Amino acid sequence: MINNDNPEIESLVTPVNVLTKIWFSPKQVFTFIETHKYSKYVTLLLILSGISKALDKALSKNMGDYLPFWGVIICVILIGISFGQLFNLLLAAALKWAGKWMNGQGDTRSILKIIAYAMIPSICSIFLTAIQFPIYGSLIFQSSLSYLLIESPYYQIYYLYVIIDILLVIWSIILLVIGLSVVQKFSIFKAVLNVVIAAVLIACAALALFLIIDLFQPFPNQSLTRFLF
């Protein structure tokens, strides 16, 4: 049950329009989420965020060179469901920890909700990629796509998708910064610094982990770090 403690926010944002208002009224939406402890759709958004990240990885690493089309799709979905919430939980913890150095007020759960809603633009890349399946088929996940695009009349569509995808990712980052400024009680500058510090912490931890794993791999040429980076 949502109480009308803040009529001004309530008049702008409601549970009905929260998914649409997030695009152009993010501060009001994040204030609504924080004020009312609103958590609807969070689990679904975190899973879709994981699927979006896994899909981007499948595209960049040409997974179609090793798996059939539906094999790639199944792997993307399973990885997204399995690790989507875990990765974002680690991100929330890193943001909370880094924010504490600057007297941030948000807890991990509140920050996790901010992350979930901030990822809505980048989640839309799933649908942009799906639109291309009828055009490129399984080639979209294969390294041979780049050669096909040279002589294809659809290359403009592909690069338009790339540009839109980049813009969606940038918008998600902007939303994350705005959301952090609300939940952490930060200025925009401190929220940006919070994101940068957390990103550096995660990158250093991930690199150290992958290097340790590589040391124990029996086949150096099949380096895990080469695949992940």
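Each reported figure results from applying straightforward, stated rules to the coordinates on display, with no laboratory input. Computed from a predicted structure; not experimentally measured. Positions of Cβ are generated from backbone atoms using ideal geometry, with glycine treated the same way; all protein chains shown enter the neighbour counts.
So the values come out like this:
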{"quantity": "Pair residue 144, residue 131: separation of 7 Å Cα→Cβ label points (nm)", "calculated": "2.7 nm"}
{"quantity": "Out-of-range pairs (alpha-carbon distance over 30 Å; input 61/185; 53/185; 40/61; 37/61; 40/185)", "calculated": "61/185; 40/61; 37/61"}
{"quantity": "Neighbour-limited loop hits for trypsin sites (Lys or Arg not before Pro), the stretch 9-50 (at most 11 other Cβ within 10 Å; DSSP other than H, G, I, E, B)", "calculated": "37"}
{"quantity": "Least to most buried among 124, 204 (fewest other Cβ within 10 Å first)", "calculated": "204, 124"}
{"quantity": "Of the DSSP H helices in the chain, those whose Cα atoms cover at least 30 Å axially and whose Kyte score averages 0.0 or more", "calculated": "69-100, 155-183, 188-215"}
{"quantity": "Farthest toward positive dipole pole in the stretch 39-228 [+1 Lys/Arg, -1 Asp/Glu at C-beta], among 59, 44, 98", "calculated": "98"}
{"quantity": "Global form of the chain, assessed from the alpha-carbon gyration tensor, a/c cut-off 1.5", "calculated": "oblate"}
{"quantity": "The chain: relative contact order as a whole-number percent, Cα under 8 Å and 6+ apart", "calculated": "24 percent"}
